[in-house]
1. Once you charge only the Cβ atoms, +1 for Lys and Arg and -1 for Asp and Glu, what is the size of the charge dipole of the range 183-351 about its Cα centre, to the nearest 20 debye?
2. Place the peptides 152-165, 92-105, 295-308, 268-281 in order of packing, highest mean first, counting for every residue the other Cβ atoms within 10 Å and averaging per peptide.
3. May I have the pair-distance distribution P(r) for the range 183-351, computed from all Cα-Cα distances with 5 Å bins from 0 and rounded to whole percent?
4. Under the definition of Cα pairs under 8 Å and six or more residues apart, what whole-number percent is the relative contact order of the chain?
5. How far apart, in nm, are the 7 Å Cα→Cβ label points at Phe36 and Asp224?
6. In square nanometres, what is one fourth of the surface area of the convex hull spanned by the alpha carbons of the range 250-311?
7. Would you mind checking the radius of gyration and Dmax of the range 84-149 based on alpha-carbon positions, in Å?
8. Filter the cross-link list Lys102/Lys237; Lys19/Lys338; Lys206/Lys329; Lys61/Lys237; Lys61/Lys149; Lys149/Lys320 down to pairs whose alpha-carbon distance in this structure exceeds 28 Å.
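Bear in mind that the values in this text are calculations on the coordinates, not laboratory data. Bear in mind that the values here come from a model prediction, so they are computed numbers and not experimental data. When we count neighbours, we look across all protein chains shown, and the Cβ atoms used for this are built from the backbone with ideal geometry, even at glycine.
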Amino acid sequence: MIDNTKTGIGYYVDFLIRKLGEQANGKNLHGYYFDFLNTNHKKTPSIPGVTFRKILLIPGKILSVTRRLGFQPPLELFTSTRSADIVFYTNYVALRAIRRRKIALAVYDLSFLDCPEFTQPVNLTYLRRFCPPSINSADLIITISEFTKQRLLHYYPDMRAEIIVTPIPPVADTVIRSDTIPERLSSLGIQANKYILYLGTIEPRKNIKQLVESYALLPQEIRDAYSLVLAGGKGWKDEEILEAIAAAIRAGCNIIQTGYISDEEKIALYSNARCFTMPSHYEGFGMPIFEAMQYDVPVATSDIPVFREVAKDAVLYFDKENPTDIAEKLALLLSDEKLQQKLIRSGRERLQAYSWEENARIVAAALEQLSSTR
């Protein structure tokens, strides 16, 4: 929550904690973050019901060093948390502790087990070593889809933890729209309502290489009318992706990479997109789908189980392994106004199914139950 360059997990944690603070009902929520010798000058958010505490004497990098060496220091090295009934770890892995406390753990997907070939090697080693014992020792697991819940039960049938599901609504309570393209994006050649939008990290799991190949298969008149905008920061194992992008550009395709985008730029890109696509091989949820729906942008996605769960009939599905099918579905979505309006209406209905308040209520109730058990 302290870092301003958030990705999907960062936004999820930010909004969940804010809503938990609103529903604290006298409970004390304490958030700990590293600020070695007060060198972090970022301002902590002001959230009712939440108190932020600095870890001043230990640098955060010590965790990275010890994990690379194959072990984790105990929680008490960083903070005593003597009065804490429950420690909530928001990113897959819990620290071991000298004194037993109840553990709540957020697990967003199991891609490191389901498709390890898409995982960054250093993260794969880390997750394989520390995530399974964290899951098996947790008292409560919070995840974001029924799909991930079922994968957890598949791999860890003997786990003791209750699993609760908290889907990811759009991150803004009030939609802010932008009718203009910010100067930095405009300078890249992005024109309002003249592009197909992808938003996410540039990495293999997102299936961007197939998307680029499918864009090259679109009829020339569609490619002349609509560029393909790839918005998102650099990821890992991206050499083949970048090579495919460069080759398509050399062949005359209008593909634009923005790099990491700010919240303001993201709003502008959603507001002015002709359509949005998410061709992922694998996801734990698919938050950008709901973000696009929030801006009344029609969506085409890969036909994978979690997207069927999340989007139901509010998107146009394609075979993620078939560039021809992707191209045909994108062409259909761009040309069929009746289909666009149908998907937009269905998207609005899907958005009504989830809320941050309901997520916080579910989590707060589970934490309260956990706190009352011995």
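1. About 220 debye.
2. Ranking, from highest mean packing down: 268-281, 295-308, 92-105, 152-165.
3. Once binned at 5 Å, the Cα pair distances of the range 183-351 give 1, 9, 19, 24, 23, 16, 6, 1, 0.
4. Here the relative contact order equals 16 percent.
5. Between Phe36 and Asp224, the label points sit 5.8 nm apart.
6. 5.3
7. 12.4, 38
8. Beyond 28 Å: Lys102/Lys237; Lys19/Lys338; Lys61/Lys149.
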